[in-house]
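The values are calculated or read from the model by the stated rules, or taken from the named source; none is laboratory data. Note that this is a predicted model, so its numbers are computed, not measured. Here the Cβ positions follow ideal geometry from the backbone for every residue, glycine too, while neighbour counts run over all protein chains shown. For accessibility, only protein heavy atoms count, side chains too; no ligands or nucleic acids. Shrake-Rupley method; radii C 1.70, N 1.55, O 1.52, S 1.80 Å.
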Amino acid sequence: MSHFQEESPVNPLPPVVIALSVFLVGIELVFWVGHKGLFGGPEAAGWRITTIQNWGFHEPLFSWMVENGRFPLKDVARFFTYSFLHLSFTHLLFVLVFLLALGKMVGEVFSAFAFLVVFFGSATIGALAYWLVWDTGVVLFGGYPAVYGLIGAYTFILWAQLGATGGNQLSAFRIIAFLLGIQLTFGLLFGAGLNWVAEIAGFVAGFGLSFLVSPGGWSRVLKRLRQR
């Protein structure tokens, strides 16, 4: 007698995406509780700004580290920690949209380890680009460089698939072209910030790292896509 097994119409998110999302939301909740005065006393209202100062990426600080050849672990950690800090829940919300949407598509093809390499590798390279291009005291924080790396990884998946099927591989870059168009429009209307350098570098890093950490390169990525 055969047994019917009902399949869920919605594929679950990869565990690594869920873990990152929960961590991001958890940090934001701590800031919210402190701001509302529900925990931590009067000084808790400034937790967000203090944490951004202590764990965001400071371009002058890293320049000092390079010039003096000293790399304290706490300050090196800023390359990773800045991605978890946001100015508000709205700021985080947009990052979460990218993380959940792109994370699902990339996480279904990449291993958890490869996913994390892309996420944190893109954040690191984004911060390095920020350091190379700007001479500024403005702290870099927020998850956009890391999730732009996921856009780069997803672009790699599309690019590989189109290459195997004889499609136009340039069309894989429509997502990033659309986002850059939006950024350009907002920059012209409201003034461009400095973070766009880190975000573009994050995209390039995500695309490039995919050649190294994807399952067997583009040929095995295609094989797994055909099996889905």
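Any residue at all in the stretch 148-156 that is aliphatic (A, V, I, L, M) and surrounded by fewer than 22 Cβ atoms within 10 Å (Cβ to Cβ)? Full working, then the answer.
First pass over the stretch 148-156, keeping only residues aliphatic (A, V, I, L, M): 150-151, 153.
If we keep only those that are surrounded by fewer than 22 Cβ atoms within 10 Å (Cβ to Cβ) too, we end up with none.
The answer is no, given that none of the residues of the stretch 148-156 is aliphatic (A, V, I, L, M) and surrounded by fewer than 22 Cβ atoms within 10 Å (Cβ to Cβ).
Would the stretch 211-218 turn up any residue that is at pLDDT below 95 and in contact with a Pro (Cβ under 9 Å, 6 or more places away or on another chain)?
First pass over the stretch 211-218, keeping only residues at pLDDT below 95: 211-218.
If we keep only those that are in contact with a Pro (Cβ under 9 Å, 6 or more places away or on another chain) too, we end up with none.
No, there is no match, as no residue in the stretch 211-218 is at pLDDT below 95 and in contact with a Pro (Cβ under 9 Å, 6 or more places away or on another chain).
Can you list residue pairs whose Cβ atoms sit under 8 Å apart, with the first residue in the stretch 18-32 being within 14 Å of VAL95 (Cα to Cα) and the second being of a type in the set (A, V, I, L, M, F, W, C) and open to solvent by 80 Å² or more (accessible area, probe 1.4 Å)? Count only pairs 6 or more apart in sequence or on different chains.
GLU28/PHE89
Would it be correct to say that ILE49 is without any contact (Cβ under 8 Å) to a residue 60 or more places away in the chain, within 24 Å of VAL118 (Cβ to Cβ) and of a type in the set (A, V, I, L, M, F, W, C)?
On the way: without any contact (Cβ under 8 Å) to a residue 60 or more places away in the chain: yes; within 24 Å of VAL118 (Cβ to Cβ): no; of a type in the set (A, V, I, L, M, F, W, C): yes.
In short, no.
Got a number for residues in the stretch 80-114 being out of contact with any Leu (no Cβ under 8 Å at 6 or more places or on another chain) and of a type outside the set (D, E, K, R)? Give the derivation first.
Kept after step one, since they are out of contact with any Leu (no Cβ under 8 Å at 6 or more places or on another chain), are these residues of the stretch 80-114: 80-81, 83, 85, 87-91, 93-94, 97, 101, 105, 108, 110-114.
Within this subset, residues satisfying the condition of being of a type outside the set (D, E, K, R) are 80-81, 83, 85, 87-91, 93-94, 97, 101, 105, 110-114.
Going through the stretch 80-114 one residue at a time, the tally reaches 19.
Kindly evaluate GLY193 against the criterion of being part of a loop (DSSP other than H, G, I, E, B), open to solvent by 40 Å² or more (accessible area, probe 1.4 Å), at pLDDT 85 or above and not aromatic (Phe, Trp, Tyr).
Here the answer is no, as GLY193 does not meet what is asked.
Identify, from the list GLY166, GLY56, GLY152, the residue that is over 20 Å from the mean Cα position of the chain (by Cα) and over 14 Å from VAL16 (Cβ atoms). Steps first, answer last, please.
Numbers: GLY56 fails: over 20 Å from the mean Cα position of the chain (by Cα); GLY152 fails: over 20 Å from the mean Cα position of the chain (by Cα).
GLY166 is the lone residue from the list that is over 20 Å from the mean Cα position of the chain (by Cα) and over 14 Å from VAL16 (Cβ atoms).
For the stretch 20-35, does any single residue satisfy the condition of being at pLDDT below 90, touching a His at 6+ places or on another chain (Cβ under 7 Å) and aliphatic (A, V, I, L, M)?
The answer is no, given that none of the residues of the stretch 20-35 is at pLDDT below 90, touching a His at 6+ places or on another chain (Cβ under 7 Å) and aliphatic (A, V, I, L, M).
Which of the residues that make up the stretch 97-116 are assigned to a helix (DSSP H, G or I) and open to solvent by less than 20 Å² (accessible area, probe 1.4 Å)?
LEU99, LEU102, GLY103, VAL106, GLY107, ALA114, PHE115
Only one of VAL106, VAL118, VAL147, VAL97 is within 14 Å of VAL17 (Cβ to Cβ) and free of Cβ contacts under 8 Å to residues at least 12 places away in the same chain. Can you tell me which? Let's see the steps before the verdict.
Values: VAL106 fails: free of Cβ contacts under 8 Å to residues at least 12 places away in the same chain; VAL118 fails: free of Cβ contacts under 8 Å to residues at least 12 places away in the same chain; VAL147 fails: free of Cβ contacts under 8 Å to residues at least 12 places away in the same chain.
Answer to the check: VAL97.
Which of the residues that make up the stretch 74-94 are at pLDDT 95 or above, among the hydrophobic types (A, V, I, L, M, F, W, C) and either under 21 Å from ILE157 (Cβ atoms) or open to solvent by 20 Å² or more (accessible area, probe 1.4 Å) (or both)?
Those that are at pLDDT 95 or above, among the hydrophobic types (A, V, I, L, M, F, W, C) and either under 21 Å from ILE157 (Cβ atoms) or open to solvent by 20 Å² or more (accessible area, probe 1.4 Å) (or both): VAL76, ALA77, PHE80, PHE84.
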